[in-house]
Amino acid sequence: RIKAIESPNKDDDTQWLTYWVVYGVFSIVEFFSDIFLSWFPFYYMLKCGFLLWCMAPSPSNGAEFLYHRIIRPFFLKHEAQLDSVVKDLKDKA
């Protein structure tokens, strides 16, 4: 999905691809921290609000903000390593 966002052909689906990349990263982080976060009051309401902010079709779209500030720089820094891991997994499968 990140490769599709970074491709030179920009279609109107870029917003949703960005959202799904952010949602995927959020799901991975939540998987490891959910046991602690679920004890916080209003956690599920805050999670719902966060996801709504990420998918809102507005200039202050959370997915765009998080993608360009956090995920994209991390991906570009580690792109070669991630590609080799994916290639190794694909070869093993």
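The values are calculated or read from the model by the stated rules, or taken from the named source; none is laboratory data. Because the structure is a prediction, the values reported are computed rather than measured. Calculation scope for accessible area: heavy atoms of the full protein, side chains included, ligands and nucleic acids excluded. Shrake-Rupley method; radii C 1.70, N 1.55, O 1.52, S 1.80 Å.
Those residues that are open to solvent by less than 60 Å² (accessible area, probe 1.4 Å), under 16 Å from the mean Cα position of the chain (by Cα) and not aliphatic (A, V, I, L, M), I need them from region 65-84; list them, please.
Residues satisfying the conditions are 67, 75, 78, 79.
Conditions tested, residue by residue: (1) of a type in the set (D, E, K, R); (2) in a helix (DSSP H, G or I); (3) closer than 14 Å to residue 15 by Cα.
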residue	(1), (2), (3)
54	no, yes, yes
73	no, yes, no
84	no, yes, no
88	yes, yes, no
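Restricting to region 29-48, what's the tally of residues that are at pLDDT 90 or above and charged (D, E, K, R)?
Residues in region 29-48 being at pLDDT 90 or above and charged (D, E, K, R): 2 in total.
Has region 21-28 got at least one residue that is open to solvent by less than 70 Å² (accessible area, probe 1.4 Å), assigned to a loop (DSSP other than H, G, I, E, B) and either at pLDDT below 95 or of a type in the set (D, E, K, R) (or both)?
Within region 21-28, not a single residue is open to solvent by less than 70 Å² (accessible area, probe 1.4 Å), assigned to a loop (DSSP other than H, G, I, E, B) and either at pLDDT below 95 or of a type in the set (D, E, K, R) (or both).
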